[in-house]
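One structure is given below, encoded as structure tokens.
The values are calculated or read from the model by the stated rules, or taken from the named source; none is laboratory data. Here the structure is a predicted model, which means the values were calculated and not measured. Every residue, glycine as well, gets a Cβ built from its backbone with ideal geometry; the counts of neighbours run over all protein chains shown.
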Amino acid sequence: MGYLCLSLIYFQVVGCSKNKQFNQTVLADKWVSTSNPKCEIWFQNWGDYQRLLMVIESDTMEIKPSPYVTEKKDKPYLTPKPYDKVSKQQLKGNIYWNDIPEWESGAVYNARWEIDRANPKINLPQLYDIEFSLNGSKLKMKLIEDSELYLSFDLKSIKSY
């Protein structure tokens, strides 16, 4: 009987901690932008520290097949088709929060983002100040470089796999 009670208490605590942690709302792990530039961000919690991965679509090129491509009469599926190639910038680094965020609607939370990995390569480390504000189910993110607004995103959460 004691084991059953402990199991029930454990599952209630674990089940509740998916949405709340220490009476604080836990933010979704993955977000995508609803405005341009297209971007996705991932919050990665590693226990005593948190990392942020950002993938920004920087450019799109239309790739067309060569005009000298020969076509075979019986195999039209071998003919190359034009497509769009999206260039992306990936940035990843630790987040250092000024105050522990409680993710209350309308409140602004500030952090320092120290980027230590990037693809394609850039000069590292890069330092940015970030402002986050949560309004309902929308997250607003401002990336600030040297006290000037560098990028701004309106984001919506999506389920990660």
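Being over 13 Å from the mean Cα position of the chain (by Cα), surrounded by 10 or more Cβ atoms within 10 Å (Cβ to Cβ) and outside any strand (DSSP E or B) is the filter here; which residues of region 38-59 pass it? Spell out the reasoning first.
Of region 38-59, the ones over 13 Å from the mean Cα position of the chain (by Cα) are 46-49, 58-59.
Now narrow it down to the ones that are surrounded by 10 or more Cβ atoms within 10 Å (Cβ to Cβ): 49, 58-59.
Tyr49 - this is the single residue of region 38-59 that is over 13 Å from the mean Cα position of the chain (by Cα), surrounded by 10 or more Cβ atoms within 10 Å (Cβ to Cβ) and outside any strand (DSSP E or B).
Mind listing whichever residues of region 60-94 are in a loop (DSSP other than H, G, I, E, B) and under 39 Å from the mean Cα position of the chain (by Cα)?
Residues of region 60-94 in a loop (DSSP other than H, G, I, E, B): 64-75, 79-82.
Once the filter is applied, which keeps residues that are in a loop (DSSP other than H, G, I, E, B) and under 39 Å from the mean Cα position of the chain (by Cα), region 60-94 yields Lys64, Pro65, Ser66, Thr79, Pro80, Lys81, Pro82.
Considering only region 62-84, state which residues are over 20 Å from Val32 (Cβ atoms), surrounded by fewer than 10 Cβ atoms within 10 Å (Cβ to Cβ) and touching an Asp or Glu at 6+ places or on another chain (Cβ under 8 Å).
Within region 62-84, Glu62, Pro82 qualify.
Find the residue count for region 95-109, including only residues that are among the aromatic types (Phe, Trp, Tyr) and not in a strand (DSSP E or B). Show your work before the answer.
As a first pass, look at region 95-109 and keep what is among the aromatic types (Phe, Trp, Tyr): 96-97, 103, 109.
Those left that are additionally not in a strand (DSSP E or B): 103.
Residues that pass the stated criteria total 1.
Could you check how many residues of region 119-137 are modelled with pLDDT of 90 or more, within 21 Å of Asn36 (Cβ to Cβ) and of a type outside the set (S, T, N, Q)?
4
May I ask you to list the residues in region 118-161 that are assigned to a strand (DSSP E or B) and among the polar types (S, T, N, Q)?
Hits for region 118-161 are Asn119, Gln126, Ser133, Asn135, Ser152, Ser157.
Being modelled with pLDDT of 85 or more and of a type in the set (A, V, I, L, M, F, W, C) is the filter; apply it to region 16-43 and report the residue that is nearest to Met54 (Cα to Cα).
Residue satisfying both the conditions and the ranking: Ile41.
Which of the residues spanning region 101-150 are surrounded by 15 or more Cβ atoms within 10 Å (Cβ to Cβ) and more than 19 Å from Gln44 (Cα to Cα)?
Correct list: Ile144 only.
Which residues, counting only those in region 142-161, are among the hydrophobic types (A, V, I, L, M, F, W, C) and farther than 14 Å from Arg112 by Cβ?
Residues satisfying the conditions are Leu149, Leu151, Phe153, Leu155, Ile158.
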